[in-house]
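For reference, the structure is listed below as C-alpha cells.
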Amino acid sequence: MKDWRNRRAAGNLTVEASFVMGILLFSMAVLLRFSFSLHDQVVGNAVLNEGMELLGHSEEDAGEDLSRRGTRRMEQALSGRGFRIELSREGTGVRGTAGGERRSTEMRDKGFHPEEFLRRITLLEAAADRLGEN
C-alpha cells in the first residue's frame, strides 16, 4: 500500500491549479459584487414603493417629508451613498423616482381609489352568488 503523503505532484499540475484557483476566486468576487448590486436595487425599489403607497393614501401632500425619510432609509440599508428618493403627486396619482450614482428607477401609480375597489368586490360577490345558484 502506497503512502499518499510521500507522493509528489508534477510541476505543471501546480501551475494549472493556481490558474484555476485564480479564475474561481475572480468569478466568486464578481458574483458577490452582483449580489450586492441586486440587493441595493431590490431595497431601493421596496423603499420607493412604500413611500409611494404612503403618499397615495395620505390626505395632505407630504411628499418632501416622505422623500427625506426614504432617502435616509436607503442610505442606511444600501452599500453605497448618493441615493435619493423624490416623491410627488401627479393629479390623482403618485410619481416616484429613486436613484443613485449608476442607476435610477421611476414608478408611477394612478392613486388609491377605494370606491373602485369596493365596486370590484361587489361585482365579484355578485358573480360568486350567481355561480353558487347554478
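A short reminder: the numbers here are calculations on the coordinates, not readings from a lab. What you see is a predicted model, and the numbers here were worked out from it, not measured in a lab. Counting neighbours? That spans all protein chains shown, and the Cβs are built from the backbone with ideal geometry, glycine included.
For this structure, a couple of remarks:
- A Förster radius of 22 Å combined with the Cβ-Cβ distance from ALA29 to GLU101 puts the calculated FRET efficiency at roughly 0.60.
- Residues GLU60, GLU125 in ascending order of nearby Cβ atoms (within 10 Å, fewest first): GLU60, GLU125.
- Paramagnetic reach from GLU50 in region 85-115 [backbone N under 17 Å; point 7 Å along Cα→Cβ]: 85-87, 96-99
- Estimated at 0.36 nm per residue, the fully extended path between THR14 and ARG84 surpasses their Cα-Cα distance by 20.2 nm.
- With the largest listed first and rounded to whole Å, the semi-axes of the equivalent ellipsoid of region 4-133 from the Cα gyration tensor are 52, 25, 10.
- Region 4-133, relative contact order [Cα under 8 Å, separation at least 6], %: 17 percent
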